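The values are calculated or read from the model by the stated rules, or taken from the named source; none is laboratory data. Remember, it's a predicted structure, so these values are computed and weren't measured experimentally. With ideal geometry, Cβ positions are generated from the backbone for all residues, glycine too; neighbour counts draw on all protein chains shown. Surface accessibility is based on the protein's heavy atoms, side chains included, excluding ligands, DNA and RNA. Shrake-Rupley method; radii C 1.70, N 1.55, O 1.52, S 1.80 Å.
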Amino acid sequence: GHLVTVATCNLNQWVLDWEGNLERIIKSIHLAKEAGARLRVGPELEITGYSCLDHFHELDVFSHSLEMLRRLLLDKSTHGILLDIGLPILHRNLRYNCRVIALDGKILLIASRPKMWLANDGNYREMRHFTPWMRPRETELFHLPKELAKVQGETHVLFGDAVISTPETAFGAETCEELFTPKAPHIDMALDGVEIITNSSGSHFTLRKLDTRLQLIMEATRKSGGVYLYANQQGCDGERLYFDGCAMIIVNGDIVAQGSQFSLNDVEVVTATVDLEEVRSYRAAISRGLQAATSSAKYQRIQTPFELSSEDDDADVGMRPTLPMQPRIHSVEEEIALSAGCYLWDYLRRSGTAGYLVPLSGGIDSCATAVIVYSMCRIVMEAVKEGNEQVIEDVKRIAKYNGEGVLPKTPQELCNQVFTTIYMGMKKQSSRETRQRAKDLSDAIGSYHVNLDIDDVYEAQKRLVVDTVNFEPKFKVEGGTVQENLTLQCLQARIRMVTAYEFGQILPTARGRPGGGSLLVLGSANVGESLRGYLTKYDCSSADINPIGSIDKTDLKRFIAWAEHKFDLPCLHDFLTAIPTAELEPITHDYVQSDEVDMGMTYDELTIFGRLRKLNKLGPFAMFQRLVHDWSIDRARVEGDTAPYYTPAQVAEKVKRFFHFYAINRHKMTTLTPALHCNDYSPDDNRFDLRPFLLPPFWKSWSFKRIDMELARIEKKRASKAT
């Protein structure tokens, strides 16, 4: 036969949730079998969950993984289908990130190889936990633990880099990062006649990343031909990352099946029927044949009589290959709403807390955080309507609606039970407009809202300084120094943080919520403000989770503008038109505090600085060399060019200002609230952006001197051209 039905999946695994992870794996196998699939592939490290981090140093993780594998092999309901399972293996005192290929309760191979090319940049630290397999196309024997040997009926199985050969085809595996490498394993496999490639991934979400991933996966078989099965985790498995699923099946460069990128389903199986003859026809090019004939990369084939297809299937005229489809890619605004909404629901249901609390300032950042929580409630209620049993069970447990287990009927009703917004004003600093915007937003999304003033607490705390050192600090507009001004601003900000946690602890009890509990406090500092250090250490940027911590202001504005219409929230228009302000200084008839004025740069410029610093890996001097051209006032006007126009001296000043404040505020990054990872220029010091937090002053650094030297050279050139 040549018609083969194959299955891949998205699994919402949770680190160290041994029995829960196994239950989801088994459910995916059952769904694959029900769809007629003869091969099922799952995500990377699916038995443990991907984000175990330093737990991978613990021997328990490896012994428990094999115990779960044994239970899987003994479960006869998983027989009758080839299984590709991800787990860590300890072999000869080395820790490997492995695949186990199994059939009918027996192991055919410990892994169609241990992972060779480990992900070790950005959020990934696989070289810290695993050893790569450095012997391509070689195998050796793995000694099975006693209980697993009883199941296998043998003491040893093959371990290493090989492929599985069935009567009609051959399949091999590569794992996640290996797809992204210049010389990916699938190339040599395809040249050696392997027709089906499985890829088990733990690939996390980043804004605008899916298109790149899709192109790489499609290109993998567009050049080499073949069937490509991509599996991924989906959801929050216990870390800052959201794994965005999108399991898919590709044939000769065309997508024939694609799973959801964002979902509350714990298990989603994607199947397709493929025609192996199409692969063979696609590979008929003479040039490809010459490369295959001269390739020295020959894989050991592990033989199995198990058939992926049959002549009976070929005779079934109701069976046909799955047709190609257009890839589904969400807009940036949809990605923010869906990724953060799904992440927050996973975090809430798995944390065992009663809900979320957000301090609303009346500005766009805290507004965006609140709208994301509302998006979560919309996603949850949609899943309830669809009959998602796990979501319904979680809603009954978390919302405890009316104390009777009655389900909410609208997102607003759910929001009122699990979400509190709090406006903490000051009579002199807070405007009527920001207070009203906060209330309007709460009314629109249905949150339980608290409106209070912190003046009494602020004055009491301020009196400590007055009474103790006989000195009364004043704001800048009252004639105070810069240090006095900062002291009073930070005092208010930190009082708000303490107040937010106080109300988060007591509100569920005060409201009479069954079971009481506490609320998780959400932060609202965007990526640019964190990078620039435009926040008070231990203010409302200090929270339990920050859903917008790696999203820039521009994307947040796009999201709010989209949500205004998509979620039917007309009150959001006022947030878009308001001037961003911290409202930490008194408002006078001729002064209102402005974020961009305080920072000395626009939010759009901050985004550019952030990308060049992290993604382009530019220091102060290299960044000046880049921007003095990109932002040049002398450059030709081109349609679609939205970059600002600055003189070389202005560019130098802006670059210096950014790095000066970046350096003196770097210490704040060490206490940043864990943020959902959405951008690859996040300054998250604890995991993603590892740099010193005590830096020498840039203003007298050699980098700044080099900028001055280069600026003088440029100005001399400009002067000579002008004359």
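I'd like to check something: does segment 685-693 contain any residue that is in contact with a Leu (Cβ under 6 Å, 6 or more places away or on another chain) and among the aromatic types (Phe, Trp, Tyr)? Can you show your working first?
Narrowing segment 685-693 to residues in contact with a Leu (Cβ under 6 Å, 6 or more places away or on another chain): none.
No, the conditions are met nowhere in segment 685-693.
Does segment 36-48 contain any residue that is open to solvent by 60 Å² or more (accessible area, probe 1.4 Å) and under 21 Å from Ile249 (Cβ atoms)? Give the steps one after another, and end with the answer.
Applying the first criterion (open to solvent by 60 Å² or more (accessible area, probe 1.4 Å)) to segment 36-48 yields 38.
So of that shortlist, the ones also under 21 Å from Ile249 (Cβ atoms) come out as 38.
Yes; the residues of segment 36-48 include at least one that is open to solvent by 60 Å² or more (accessible area, probe 1.4 Å) and under 21 Å from Ile249 (Cβ atoms).
Would you point out which residue out of Arg558, Arg626, Arg635 is under 20 Å from Leu676 (Cα atoms) and open to solvent by 30 Å² or more (accessible area, probe 1.4 Å)? It would help to see each step written out before you state the result.
Working: Arg626 fails: under 20 Å from Leu676 (Cα atoms); Arg635 fails: under 20 Å from Leu676 (Cα atoms).
None of the others qualify; the one that does is Arg558.
What is the residue count in segment 134-164 for residues that are over 36 Å from the mean Cα position of the chain (by Cα) and of a type in the set (S, T, N, Q)?
Of the residues in that region, 2 qualify.
Consider only pairs whose beta carbons are under 9 Å apart and that are at least six residues apart or on different chains; among these, list those whose first residue lies in segment 337-356 and is touching a residue at least 12 places away in the same chain (Cβ under 8 Å) and whose second residue is open to solvent by 10 Å² or more (accessible area, probe 1.4 Å) and among the basic types (Lys, Arg).
That search, which allows pairs on different chains as well, returns Ala337/Arg378; Ala337/Lys566; Gly341/Arg378; Arg349/Arg397; Ala354/Lys400; Ala354/Arg513; Gly355/Arg513.
Taking the condition touching a strand residue (DSSP E or B) at 6+ places or on another chain (Cβ under 9 Å), over 13 Å from Thr420 (Cα atoms), open to solvent by less than 20 Å² (accessible area, probe 1.4 Å) and in contact (Cβ under 8 Å) with a residue 40 or more places away in the chain, does Ile445 pass?
Working: touching a strand residue (DSSP E or B) at 6+ places or on another chain (Cβ under 9 Å): yes; over 13 Å from Thr420 (Cα atoms): no; open to solvent by less than 20 Å² (accessible area, probe 1.4 Å): yes; in contact (Cβ under 8 Å) with a residue 40 or more places away in the chain: yes.
Here the answer is no, as Ile445 does not meet what is asked.
Only residues in segment 608-621 that are part of a helix (DSSP H, G or I) and open to solvent by 70 Å² or more (accessible area, probe 1.4 Å) count as the first member; pair them with residues that are modelled with pLDDT under 95 and not acidic (Asp, Glu), Cβ under 9 angstrom, at least 6 apart or cross-chain, and list the lot.
Arg611/Asn679; Arg611/Tyr681
Consider Ser296 carefully, then state whether it is of a type in the set (Gly, Ala, Ser), assigned to a loop (DSSP other than H, G, I, E, B) and open to solvent by less than 50 Å² (accessible area, probe 1.4 Å). Steps first, answer last, please.
Details: of a type in the set (Gly, Ala, Ser): yes; assigned to a loop (DSSP other than H, G, I, E, B): yes; open to solvent by less than 50 Å² (accessible area, probe 1.4 Å): no.
So Ser296 does not fit the description; no.
Kindly indicate whether Ser51 is touching a residue at least 60 places away in the same chain (Cβ under 8 Å) and either open to solvent by less than 20 Å² (accessible area, probe 1.4 Å) or not small (Gly, Ala, Ser) (or both).
Details: touching a residue at least 60 places away in the same chain (Cβ under 8 Å): yes; either open to solvent by less than 20 Å² (accessible area, probe 1.4 Å) or not small (Gly, Ala, Ser) (or both): yes.
Yes; evaluated as a whole, the condition is true for this residue.
Scan segment 120-143 and give yes if some residue there is assigned to a loop (DSSP other than H, G, I, E, B), closer than 30 Å to Arg240 by Cα, touching a residue at least 60 places away in the same chain (Cβ under 8 Å) and open to solvent by 20 Å² or more (accessible area, probe 1.4 Å), otherwise no.
Yes, segment 120-143 contains at least one residue that is assigned to a loop (DSSP other than H, G, I, E, B), closer than 30 Å to Arg240 by Cα, touching a residue at least 60 places away in the same chain (Cβ under 8 Å) and open to solvent by 20 Å² or more (accessible area, probe 1.4 Å).
Go through the residues of segment 376-396 one by one and say whether even a single one is open to solvent by less than 20 Å² (accessible area, probe 1.4 Å) and under 19 Å from the mean Cα position of the chain (by Cα).
First pass over segment 376-396, keeping only residues open to solvent by less than 20 Å² (accessible area, probe 1.4 Å): 376-377, 380-381, 383, 391, 394-395.
The next check asks that each one be under 19 Å from the mean Cα position of the chain (by Cα); those that pass are 376.
Yes: segment 376-396 contains one or more residues that are open to solvent by less than 20 Å² (accessible area, probe 1.4 Å) and under 19 Å from the mean Cα position of the chain (by Cα).
Here are some conditions: (1) of a type outside the set (Gly, Ala, Ser); (2) under 20 Å from Glu174 (Cβ atoms); (3) surrounded by fewer than 24 Cβ atoms within 10 Å (Cβ to Cβ). His30 meets all but one. Which one does it not meet?
With respect to (1) of a type outside the set (Gly, Ala, Ser); (2) under 20 Å from Glu174 (Cβ atoms); (3) surrounded by fewer than 24 Cβ atoms within 10 Å (Cβ to Cβ), His30 is out only on (2).
Kindly evaluate Gly225 against the criterion of being more than 18 Å from Asn10 (Cα to Cα) and in contact (Cβ under 8 Å) with a residue 24 or more places away in the chain. Outline the logic, then answer.
Values: more than 18 Å from Asn10 (Cα to Cα): yes; in contact (Cβ under 8 Å) with a residue 24 or more places away in the chain: yes.
Considered against the rule, which asks whether it is more than 18 Å from Asn10 (Cα to Cα) and in contact (Cβ under 8 Å) with a residue 24 or more places away in the chain, Gly225 comes out as yes.
Could you tell me which residue of segment 506-534 is modelled with the lowest pLDDT, considering only residues that are buried (at least 21 other Cβ atoms within 10 Å of the Cβ) and outside any helix (DSSP H, G or I)?
So the first thing to find is which residues in segment 506-534 are buried (at least 21 other Cβ atoms within 10 Å of the Cβ), and the list is 507-508, 519, 521-532, 534.
Filter again for outside any helix (DSSP H, G or I), leaving 519, 521-526, 534.
On the way: Leu519: 97, Val521: 98, Leu522: 97, Gly523: 95, Ser524: 92, Ala525: 90, Asn526: 91, Tyr534: 87.
Only one residue tops the list, namely Tyr534.
If you take the residues of segment 270-291 that are open to solvent by 40 Å² or more (accessible area, probe 1.4 Å) and not in a helix (DSSP H, G or I), which of them is modelled with the highest pLDDT?
First, pick out the residues of segment 270-291 that are open to solvent by 40 Å² or more (accessible area, probe 1.4 Å): 271, 277-278, 280-282, 284-288, 290-291.
With not in a helix (DSSP H, G or I) added as a condition, the list becomes 271, 284-285.
Details: Thr271: 98, Ala284: 93, Ala285: 90.
Of everything passing the filter in segment 270-291, Thr271 is modelled with the highest pLDDT.
Just name the residue that is farthest from Leu357 (Cα to Cα) out of those in segment 397-438 that are surrounded by 15 or more Cβ atoms within 10 Å (Cβ to Cβ) and of a type in the set (Gly, Ala, Ser).
Ranking the qualifying residues of segment 397-438, first place goes to Ser431.
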